[in-house]
Amino acid sequence: QVQLAEAGGGLVQAGGSLRLSCAASGRTVGIYAMGWFRQAPGKEREFVAYIGSGGDSLYTDSVKGRFTISRDNTKNTVYLQMNSLKPEDTAVYYCAARPYGNIRSAAAWHYWGQGTQVTVSS
């Protein structure tokens, strides 16, 4: 079993930055692919970024060049550095681990954190 705990959300002005972290416990996640999703009010949970066990990464088009996903397996932690934030980035951000199948689908991921709120003001 794996437990995931996100931190680092908050309120920031447009153009600002935040760094989210996702700490894993219960079992090493160094062998798992990890991901970030987000969900805005009234919308479905959407894929944001992915990082494989070897460090390969993928991003949704709307965050490319602004967000960076990274991992520190010695700390069992995954990060999401978010720069040049926009109001449309406002959402609850979720960390996920161990996908099966389409990594861009929330249904493919086995473990989830509780989420952290990110609010970007204009």
How far apart, in nm, are two points set 7 Å out from the Cα along the Cα-to-Cβ line at residue 7 and at residue 98? 2.4
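Determine the relative contact order of the chain: mean sequence separation of Cα pairs under 8 Å and six or more apart, normalised by residue count, in whole percent. Can you show the working numbers first?
On the way: 304 pairs, mean separation 42.9, N = 122.
The value is 35 percent.
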Segment 1-49: GluC sites (Glu not before Pro) falling in loop per DSSP and having at most 16 other Cβ within 10 Å: 44
Partner aspartates and glutamates whose C-alpha sits under 15 Å from that of residue 86, ignoring same-chain residues fewer than 8 away, are 61
Spatially proximal aspartates and glutamates relative to residue 64 (Cα-Cα < 17 Å; intrachain offsets below 8 disregarded): 46, 56, 88, 89
From the residues 23, 51, 63, which one has its Cα farthest along the dipole of segment 1-108 in the positive direction, the dipole being from +1 and -1 charges on Cβ of Lys/Arg and Asp/Glu about the Cα centre? 23
Can you list the trypsin sites (Lys or Arg not before Pro) in segment 28-122 that are in a DSSP coil and have 16 or fewer other beta carbons within 10 angstrom? 43, 64, 66, 75, 104
Loop-only chymotrypsin sites (Phe, Trp or Tyr not before Pro) in segment 35-122, please: DSSP not H, G, I, E or B, and at most 16 other Cβ atoms within 10 Å. 100
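Each value in this text was obtained by applying a stated rule to the coordinates, not by laboratory testing. Since the model is a prediction, treat every value here as computed from it, not as a measurement. Glycine also receives a Cβ, built like all others from the backbone with ideal geometry; neighbour counts cover every protein chain displayed.
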